[in-house]
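> Input: one structure, supplied below.
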Amino acid sequence: MLQALASIVGDEHVLTDPDLVTGYVTDWTGRFTGAVKAVVRPGTTEEVCTVLAQCYQEGVAVVPQGGNTGLVGGGVPRSGEVVLSMLRLDEVTDGHDGMLTAGAGTTLSGLHRAAAGRNQFVGIDTSARDSATIGGMVATNGGGIHTVRFGRVRDQLHDVAVALVNGTHLPSILVPGNPAADLWRRVCGSEGTLAVVLSATVRTGRPAAQRLVTLVPSADRDVDALARKMMVLPGLWALEVMGGSEIELTAAMLQRRPPATAECLLLAELRGAGALDDQALTAIGDLDAVVATQPSEQEELWAFRHNLSLAVRSLGTPLTKVDVSLSLASIGQLKAALATLAGEPNAYLWGHLLTGPTGHPVVNAHINITADVQPDIVFDIVEGLGGSAVGEHGVGVMKRHRLDPEAADTAELIRLKQRFDSRGLLNPGVLVPDRGRSAEQI
């Protein structure tokens with residue numbers, strides 16, 4: 001088996017040495033890890049398809065992996081699978097109508113550089129842009145910094161090329177008559193369980209002429225109303241929420257003075273050609289906001305958001321990391337509930353804002369608790385507040401047991417899994433149960 005894989009991708013791209021596979025078998029949180037048969041690093045679409053065909057013939061399960069920045073165990077092996085690392089598929093080419101086609105292993109920063117070199121802008125972005133890949137973003141239907149403006153990844157895609165479990169190459173899943181057309185509805189968010197993303201064609205735009213970044217203080221009870229005012233601004237491109245303790249933590253790590261502090265803070269970015277400061281003032285009013293119009297000042301404000309994860313990790317304490325989704329109006333109640341957990345550990349919370357189904361502000365929240373807490377305790381709290389345990393990092397292994405198998409979306413996913421991967425060889429144990437194996441066995 002390993003010799004066959006090496007003949008496809010080359011000996012140097014089939015990794016079995018424990019020291020070499022370490023970074024591929026444990027996720028970013030450190031909570032999820034497992035045994036691996038080998039890490040295989042194909043460099044072309046043809047190699048991906050041939051590797052999949054070989055594994056399918058041998059009955060060996062495959063875990064597709066991008067930048068391994070997930071929080072829910074959705075991209076790491078569990079019981080001797082082959083990890084299919086897509087990082088070498090990182091070419092960006094011109095698509096039609098000004099779009100860009102990026103290989104699945106293209107990091108978001110690589111995609112942004114390619115777009116900037118063509119005087120274009122891509123809306124898909126996260127703080128983990130140097131590691132997160134476009135393939136992983138498609139697999140989880142991720143959100144990111146510009147969700148409030150452009151929606152999630154599915155909203156920004158034109159087409160996707162995939163490989164099926166048996167190695168069949170589908171260069172477009174939007175081609176009329178394509179037998180796998182059903183995948184278009186679900187490939188975004190299927191977490192590598194239905195097909196392997198090979199490349200994605202993304203919509204682009206022109207960079208805005210002007211930019212403004214502001215950090216606005218608020219009380220927890222008032223932040224929902226403030227966010228509603230911000231979210232109707234025509235130039236709004238990004239809207240993030242965090243608290244004073246989060247800003248102070250990052251400031252300590254960066255050895256800088258906090259630009260502002262409050263119970264809650266909104267970090268907003270506006271772009272456009274008009275008077276952006278006038279726009280911002282209609283929402284900010286007389287609040288004591290920090291407004292940055294110069295690029296260096298703007299990057300300084302964003303640094304306090306982008307470095308939050310590193311700041312929490314720098315504490316060197318046990319850490320429970322989860323992502324959830326809930327109404328911004330509930331953020332004060334969530335903070336209070338988290339503060340009551342065992343031993344009253346510090347809980348740090350931040351996230352992207354977007355418009356919910358009923359038009360109210362929703363936060364894709366990242367919760368970081370400096371203690372070893374069972375994630376289900378946090379999920380119970382969030383669901384008790386009317387939120388969802390599922391955030392932008394998807395379901396993975398961590399949240400699979402919380403899905404309702406009778407729900408329409410889950411039932412459709414199970415149907416598609418049976419159709420496209422009836423043997424359960426693609427990312428087993430993630431999102432949907434394995435064929436013939438109970439959840440307790442996984």
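> Assigned to a helix (DSSP H, G or I) and modelled with pLDDT of 90 or more: is that true of R419 in this structure? Step through it out loud before you land on a result.
Values: assigned to a helix (DSSP H, G or I): yes; modelled with pLDDT of 90 or more: yes.
So R419 passes the test.
> Then there is this: Quick one: C188 ticks every box in (1) over 17 Å from G396 (Cβ atoms); (2) surrounded by 21 or more Cβ atoms within 10 Å (Cβ to Cβ) except a single one, so which number is it?
Condition (1) is where C188 drops out.
> A further question follows. Closer than 22 Å to L270 by Cβ, surrounded by fewer than 20 Cβ atoms within 10 Å (Cβ to Cβ) and modelled with pLDDT under 95: which single residue out of T355, T340 fits that description?
The match here is T355.
> Of all the residues that make up the stretch 59-87, how many are closer than 15 Å to M137 by Cα and assigned to a strand (DSSP E or B)?
Residues that pass the stated criteria total 3.
> Going through the stretch 265-298 one residue at a time, which ones are part of a loop (DSSP other than H, G, I, E, B), among the charged types (D, E, K, R) and touching a residue at least 12 places away in the same chain (Cβ under 8 Å)?
D288
> May I pose another question? Take the stretch 390-416 and flag every residue that is farther than 20 Å from M137 by Cβ and either small (G, A, S) or in a strand (DSSP E or B) (or both).
Selection gives A407, A408, A411.
> Another one. Within the stretch 155-170, which residues are without any contact (Cβ under 8 Å) to a residue 40 or more places away in the chain and either surrounded by fewer than 17 Cβ atoms within 10 Å (Cβ to Cβ) or among the acidic types (D, E) (or both)?
The one that is without any contact (Cβ under 8 Å) to a residue 40 or more places away in the chain and either surrounded by fewer than 17 Cβ atoms within 10 Å (Cβ to Cβ) or among the acidic types (D, E) (or both): D155.
> Among the candidates L315, L310, L341, L326, which residue alone is assigned by TED's automatic domain parsing to the domain that holds L215 and part of a strand (DSSP E or B)?
Just a single option satisfies the conditions, and that option is L326.
> Of the residues that make up the stretch 82-89, is at least one among the charged types (D, E, K, R), modelled with pLDDT of 95 or more, farther than 26 Å from L431 by Cβ and surrounded by fewer than 21 Cβ atoms within 10 Å (Cβ to Cβ)?
Within the stretch 82-89 (the criterion being among the charged types (D, E, K, R), modelled with pLDDT of 95 or more, farther than 26 Å from L431 by Cβ and surrounded by fewer than 21 Cβ atoms within 10 Å (Cβ to Cβ)), the answer is no, since none of the residues qualifies.
> Given the condition crowded, with 23+ Cβ neighbours inside 10 Å, of a type in the set (G, A, S) and part of a loop (DSSP other than H, G, I, E, B), answer yes or no: does some residue in the stretch 41-58 qualify?
no
> Does the stretch 143-150 contain at least one residue that is of a type in the set (A, V, I, L, M, F, W, C), closer than 23 Å to M231 by Cβ and without any contact (Cβ under 8 Å) to a residue 40 or more places away in the chain?
Looking for residues that are of a type in the set (A, V, I, L, M, F, W, C), closer than 23 Å to M231 by Cβ and without any contact (Cβ under 8 Å) to a residue 40 or more places away in the chain, one finds at least one in the stretch 143-150, hence yes.
> Additional query: How many residues are under 18 Å from D222 (Cα atoms) and either touching a His at 6+ places or on another chain (Cβ under 7 Å) or of a type in the set (V, I, T) (or both) if we restrict to the stretch 350-379?
5
> A follow-up question, please. Which condition from (1) in contact with a helix residue (DSSP H, G or I) (Cβ under 7 Å, 6 or more places away or on another chain); (2) touching a residue at least 60 places away in the same chain (Cβ under 8 Å); (3) not in a strand (DSSP E or B) is the one that D90 breaks?
Unmet condition: (2).
> Now a separate question. Pairs under 6 Å by beta carbon, first residue outside the structural domain of P361 (by TED's automatic domain parsing) in the stretch 224-237, partner surrounded by 19 or more Cβ atoms within 10 Å (Cβ to Cβ), six or more apart or different chains?
If the second residue must be surrounded by 19 or more Cβ atoms within 10 Å (Cβ to Cβ), no pairs are left.
> Can you give me the ranges of the helices (runs of 4 or more DSSP H) entirely in the stretch 135-229 with at least 2 residues that are among the basic types (K, R)?
Filter on the stretch 135-229 gives 183-186.
> Same structure again: Show the residue pairs meeting these rules: Cβ distance below 7 Å; 6+ apart or different chains; first residue within the stretch 378-406 and outside the structural domain of A336 (by TED's automatic domain parsing); second residue in a loop (DSSP other than H, G, I, E, B) and acidic (D, E).
G394/E191; V395/E191; G396/E191
> Picking from A114, A128, which residue would you name as being touching a residue at least 60 places away in the same chain (Cβ under 8 Å) and small (G, A, S)?
Result: A128 is the single residue among A114, A128 that is touching a residue at least 60 places away in the same chain (Cβ under 8 Å) and small (G, A, S).
The values are calculated or read from the model by the stated rules, or taken from the named source; none is laboratory data. In this text the structure is predicted, and so the values were computed from the model without any measurement. Positions of Cβ are generated from backbone atoms using ideal geometry, with glycine treated the same way; all protein chains shown enter the neighbour counts.
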